[in-house]
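> Sending over a structure as structure tokens; questions will come in a sec.
The values are calculated or read from the model by the stated rules, or taken from the named source; none is laboratory data. The model shown is predicted, which means the values in this text are computed figures rather than measured ones. Here the Cβ positions follow ideal geometry from the backbone for every residue, glycine too, while neighbour counts run over all protein chains shown. Note: areas computed on protein heavy atoms with side chains; ligands, DNA, RNA excluded. Shrake-Rupley method; radii C 1.70, N 1.55, O 1.52, S 1.80 Å.
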Amino acid sequence: MDPVLAIYPGSFDPVTNGHLDLIERGAKIFGRLTVAILRNTEKEPLFSLAERTEMLREVTAPFANVDIDCFHGLLVDYARERKARVLLRGIRAVSDYEYELQMAMINRKLEPALETVFMLPAVEYSFLSSRLVREIARLGGSVNGLVPIAVERRLRAKVI
Ligand code: PNS
């Protein structure tokens with residue numbers, strides 16, 4: 001059997017230490033892991049798709065079986081095209097569960113062969129989100145320890 005390809009989808013605006021923690025865990029379990037950035041046409045991101053891709057490439061460089069890609073449209077269509085067997089999502093707290101359950105069930109209805117696998121990030125990242133990171137940076141707070149150094153640098157440059 002071919003090594004299992006898992007897709008870890010998200011906005012990654014920007015990638016946080018919580019995302020990175022999940023990538024590291026996923027890379028240990030699955031043969032290959034593609035971090036797939038949603039090319040969202042509705043909300044205006046802080047970082048462009050190119051910037052988000054660059055940052056993710058940089059911080060995932062140590063993981064030989066991880067690659068970065070982007071997608072638009074339905075996630076299940078992208079996963080089918082890539083011949084992925086798994087969708088990887090992180091659950092931080094109970095509050096994530098309802099939304100994640102809904103998404104997993106819809107995706108299962110659309111593509112029954114695709115399995116959603118949930119993993120838990122390290123407890124120190126269970127409060128962390130890209131949205132909060134953007135807000136802290138925008139208001140001049142420190143995001144040290146919340147995002148990789150390379151992201152911290154870019155955030156500082158972006159909000160000045
Ligand atoms: O980082 P996010 O915003 O939590 O990621 C959400 C994402 C990208 C996984 C989700 O919005 C998504 O899969 N969008 C693609 C459109 C789609 O397939 N929608 C139907 C499934 S809910």
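> Taking the condition of being closer than 17 Å to Asp67 by Cα, of a type outside the set (Gly, Ala, Ser) and either out of contact with any Cys (no Cβ under 9 Å at 6 or more places or on another chain) or surrounded by fewer than 18 Cβ atoms within 10 Å (Cβ to Cβ) (or both), how many residues in segment 18-52 meet it?
Residues of segment 18-52 closer than 17 Å to Asp67 by Cα: 19-39, 49-52.
Narrowing further to those that are of a type outside the set (Gly, Ala, Ser): 19-25, 28-30, 32-35, 37-39, 49, 51-52.
Those still in the list that are either out of contact with any Cys (no Cβ under 9 Å at 6 or more places or on another chain) or surrounded by fewer than 18 Cβ atoms within 10 Å (Cβ to Cβ) (or both) too: 19-25, 28-30, 32-35, 39, 49, 51.
Selection size over segment 18-52: 17.
> Could you grab me the full set of residues in segment 2-17 that are near the ligand (Cβ under 10 Å from one of its atoms) and either closer than 17 Å to Gly73 by Cα or open to solvent by 40 Å² or more (accessible area, probe 1.4 Å) (or both)?
Listed by number, the residues that qualify are Ile7, Tyr8, Pro9, Gly10, Ser11, Phe12.
> Restricting to segment 126-140, give me the number of residues that are of a type in the set (A, V, I, L, M, F, W, C), part of a loop (DSSP other than H, G, I, E, B), open to solvent by less than 70 Å² (accessible area, probe 1.4 Å) and away from the ligand (no atom under 16 Å from the Cβ).
Total satisfying the criteria: 0.
> If I ask for residues that are open to solvent by 30 Å² or more (accessible area, probe 1.4 Å) and within 13 Å of the ligand (Cβ to nearest atom), which ones from segment 76-90 would you list? Quick ask: steps written out before the conclusion?
Quick first cut of segment 76-90, residues open to solvent by 30 Å² or more (accessible area, probe 1.4 Å) only: 77, 80-83, 85, 89.
If the condition is that a residue be open to solvent by 30 Å² or more (accessible area, probe 1.4 Å) and within 13 Å of the ligand (Cβ to nearest atom), then Asp77, Arg80, Glu81, Arg89 are the ones that fit.
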